[in-house]
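Asks: The structure follows.
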Amino acid sequence: MTRAIQCRAERWPLSRPFRISRGTKVAAEVVVVEIREGSRLGRGEGVPYPRYGESPESALAQIEQIRSALEGGMSRAELLEALAPGAARNAVDCALWDLEAQFGVTQLSPPAAAAVGITRGPSVGAARASAAAAHGASAPAVGALGALTTAVTISLDTPDAMAAAARALIDVPLIKIKVDAQDPATRIRRIREICPNSALIVDPNESWTAEILRAASPTLDDCRVALLEQPLPAGREADLDGLEVPVPICADESCHTTADLPQLAGIFQFVNIKLDKTGGLTGALDLLQKARDSGFGIMVGCMICTSLSIAPAWRVATAAEFVDLDGPWWLKQDRPGGVSLQHGRLQPPGRGFWGESHDEHPES
C-alpha cells in the first residue's frame, strides 16, 4: 500500500515570552509530518533547535531527502540509518509510531516504556536516590496513560518578576527555575521562600562556570534543590569532575543519544531524555534502557512545543523520576484534544489524539 507524505512548518505564538540564558522565544517553531496509508494517518512533530544548528527549513529539507523512501514503506529501523538524530527524524519517527498504532502493529497503551519492560525501579545508587528523595523529588508510577506530575517552568527574568511568577505556582509540586550567570542565588532563594513545599529543579542552560557552581552550592543545599540541570556548557563535562555538589546533576545538552553515555558516567547522576535530541521515540526508548542499565536516573523533557510532541514523550515519562513536559502550557492555543495542565498535574490528550486508532477513538 502506498503512502502519502505531507510535511510543513508551523508557528504557534506563546502567551508570554519564554526566556533562558541563551535568549527569548515568543513562538514555538515546529515541523509536522503526516503519513497517510489507506484510511490511516500517522502524525509527528519535531522542534528544530538553533542551539544544535537546526531550523524549520533545514528540518524540512532533511525530510524531503527521504520522501521517496517513506512513500515506499520505510520502517523505523531504516529511518535510524537514513537520518541523523534531531527534530526532522523525531517528527518522522513519531509519525511512523502513530501509523503503526493505527494498524495495530504497535501497542502504545499501556505506554511504550512499560510495554517493552522498562520500569521506574531503583536504578540510581542508594545515595543518589536518597538525595533526590530528601530534596522533594517525586515520580509518576508506570502504568496506564494517567496524569503526570510535571515541572512547571519559571522563565528567566528579574528576581521580582520571577517571584511574582512563583506566587501563582504555590500549589505546584515541582517547579523548574531558569537562571543564568547573574546572581542565580537571589532568584533561587526568592522562589524557595514563596514556594516552601515545592520540589525545585534549577536549570542554567550551560551558562555557569565551575566557579559559579561552587559559589551557588550552599544555596542549592539550603533551598533543598532536587536537581541541577546542565550547569556547565556541553564539552566542559570534565570541569565537573571532582566538584562537591550537594544535589544531583542532570545532563541535558551533554546527552543526546546512547553514544553520549560513556563520557557522562561518574559526572552526572541523571540524563534528560528529549525526543528532539534522540531523533524520536525509538531512540528515546533506547536511551532510556541503556541509561538505566548504566545507573543513571531519568528526566524526560521537551522543547516549547504543542501536544503533538508531548504525546509520544509521555510514553517515556512514565518511567522517569523527573518529568518536564510543560511545553504546551506556554502557548496561546494548543492543538484540539491535546494535554492540559492544572496545578502541576498534566492530563493526557484526548482518546485518539496520538498512538491510538482514530477510527475507534475520534479526537475529543
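None of the figures in this text is laboratory data; all of them are computed from the coordinates on show. Just so it is clear, the model here is predicted, and its values are computed rather than measured. Counting neighbours? That spans all protein chains shown, and the Cβs are built from the backbone with ideal geometry, glycine included.
Asks: What residues have an amide H closer than 5 Å to that of Ala27, excluding those fewer than 5 places away on the same chain, when H is modeled at 1.01 Å from N in the peptide plane?
Replies: Amide H neighbours of Ala27, under 5 Å, 5+ apart: Leu14.
Asks: Assuming a strict under-22 Å limit between Cα atoms, what lysine pair count do you get for segment 112-347 once near-sequence pairs (fewer than 8 apart, same chain) are dropped?
Replies: Qualifying lysine pairs in segment 112-347: 8.
Asks: Antiparallel versus total DSSP beta bridges in segment 271-364: what percent is that, nearest 5? It would help to have the intermediate numbers written out before the result.
Replies: Details: 3 of 8 bridges.
Taking every DSSP beta bridge with both residues in segment 271-364, the antiparallel ones total about 40 percent.
Asks: Counting other beta carbons within 10 Å of each Cβ, put Lys332, Lys25, Lys178 in order, fewest first.
Replies: Ordered from fewest to most neighbouring Cβ atoms within 10 Å, Lys332, Lys25, Lys178 come out as Lys332, Lys25, Lys178.
Asks: With θ set to phi - 60°, apply the Karplus curve 6.51 cos²θ - 1.76 cosθ + 1.60 along segment 69-83 and write out the HN-Hα couplings as whole Hz, x wherever there is a Gly or Pro.
Replies: Running phi through 6.51 cos²θ - 1.76 cosθ + 1.60 with θ = phi - 60° gives 5, 5, 5, x, x, 3, 8, 4, 5, 5, 4, 4, 8, 7, 10 Hz.
Asks: Any idea how far the Cα center of segment 277-356 sits from the one of segment 39-73, in Å?
Replies: A separation of 19 Å, based on Cα centres.
Asks: Follow-up. Once you place label points 7 Å from the Cα toward the Cβ at Arg19 and Glu71, how far apart are they in nm?
Replies: 4.8 nm
Asks: Fewest first, what order do Trp330, Trp97 take by the number of other Cβ atoms within 10 Å?
Replies: The fewest-first ordering by Cβ neighbours comes to Trp330, Trp97.
Asks: Let me ask something additional. Residue farthest toward the positive end of the dipole of the chain, with Cβ of Lys/Arg at +1 and Asp/Glu at -1: which of Gly235, Pro262, Trp208?
Replies: Trp208
Asks: Additional query: Give me the Debye-computed log₁₀ of I(q)/I(0) at q = 0.06, 0.11, 0.12, 0.14 Å⁻¹ for the chain, equal point scatterers on Cα only, no solvent, two decimals.
Replies: For the requested q values the scattering log ratios are -0.20, -0.70, -0.83, -1.15.
Asks: While we're on this one: What share of the DSSP beta bridges in segment 112-347 is antiparallel, in percent to the nearest 5?
Replies: Expressed as a percentage, antiparallel bridges in segment 112-347 total about 20.
Asks: Counting other C-beta atoms within 10 Å, which of Glu57, Glu244 has the fewest, and how do the rest follow? Before the final figure, lay out each step's value.
Replies: Details: Glu57 11, Glu244 6.
The order, fewest Cβ neighbours first, is Glu244, Glu57.
Asks: Could you work out the helix-only [θ] at 222 nm for the chain, with each DSSP H run of four or more residues adding -39,500 (n - 2.57) and the total divided by the number of residues, to the nearest 500 deg cm²/dmol?
Replies: -9000 deg cm²/dmol
Asks: When only Cα pairs under 8 Å and 6 or more residues apart are kept, what is the percent relative contact order across the chain?
Replies: 20 percent
Asks: Let me ask something else about it. Compute the distribution of all C-alpha to C-alpha distances in segment 3-102, in bins of 10 Å from 0, and list the percent of pairs in each, rounded to whole numbers.
Replies: 16, 46, 26, 11, 1
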